[in-house]
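Just so you know, all these numbers are worked out from the coordinates, no wet-lab data involved. Since this is a predicted model, take the numbers as computed values, not measurements. Note that each Cβ is placed from the backbone with ideal geometry, even for glycine, and that neighbours are counted across all protein chains shown.
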Amino acid sequence: MNNKKKKFGLEEIIRRVIKFRDDRNWKKFHNPKNLAISISVEANELLEHFQWKDLKESEKYAEKYKDKISLEIADIIIYLLYLCHDLKIDLEDSIDKKLKENDSKYPISKSKGKSLKYNQLK
């Protein structure tokens, strides 16, 4: 018996979330403003899990409630995928561009082990 979970690539995940939405006729509610708001709402629900906890407490909590936290993360990603799909944004290309931009802003020689913003690096 194979207990491995099936893994999907990004294109298949996008196809599945769009089909889920289309099957329910929810696209009419998904304009860019509403999707951006939903991303923020879900991100704040993720933050709520850690509210009022110090570092150690938040690490223990995250370990204990990993499944609940993972569902909040999934909500955020699903709304992001809807927004990217509807605005015809290539997520992989956007990530690649952002990593290149960050690479030039945060060269390893200046930023390794530091949490400074790029304009504060010397």
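Points to keep in mind about this one:
- Phi angles of the range 14-22 translate, via the Karplus equation with coefficients 6.51, -1.76, 1.60 and θ = phi - 60°, into HN-Hα couplings of 4, 4, 5, 5, 5, 4, 4, 5, 5 Hz per residue; Gly and Pro are given as x.
- FRET E, pair Ile89, Asn25, Förster distance 22 Å, beta-carbon r, rounded to 0.05: 0.45
- For Lys114, the lysines whose Cα comes closer than 17 Å to its Cα, not counting residues fewer than 8 places off in the same chain, are Lys105, Lys122.
- Reachable lysines, given that their alpha-carbon falls under 18 Å from the alpha-carbon of Lys33 and they are not under 8 places away in the same chain: Lys88
- Taking the longest Cα principal axis of the chain as reference, the axis of helix 66-86 is set at about 80 degrees.
- Cα-projected label distance for Tyr65 with Ser111, points at 7 Å along beta-carbon direction, nm: 3.1 nm
- Candidate lysines for bridging to Lys5, where Cα separation is under 27 Å - those fewer than 8 sequence places away on the same chain excluded: Lys19, Lys60, Lys64, Lys66, Lys68
- Charging the Cβ of each Asp and Glu at -1 and of each Lys and Arg at +1, and nothing else, the dipole of the chain about its Cα centre rounds to 320 debye.
- In percent, rounded to a whole number, the relative contact order of the range 10-89 is 50, using alpha-carbon pairs under 8 Å and six or more apart.
- Packing, as the average of other Cβ atoms within 10 Å across residues, places the peptides 70-76, 26-32 in the order 70-76, 26-32, highest first.
- When the chain is described by a simple charge dipole with +1 on each Lys and Arg Cβ and -1 on each Asp and Glu Cβ, the residue from Ile77, Ser94, Ser38 located farthest towards its positive end is Ser94.
- Here the 3J(HN,Hα) profile of the range 107-117, calculated from phi with Karplus coefficients 6.51, -1.76 and 1.60 at θ = phi - 60°, is x, 3, 4, 9, 10, 4, x, 10, 10, 6, 6 Hz, Gly and Pro shown as x.
- Counting only DSSP H runs of at least 4 residues, each contributing -39500 (n - 2.57), and dividing by the residue count of the chain, the helix-based mean residue ellipticity at 222 nm comes to -21000 deg cm²/dmol.
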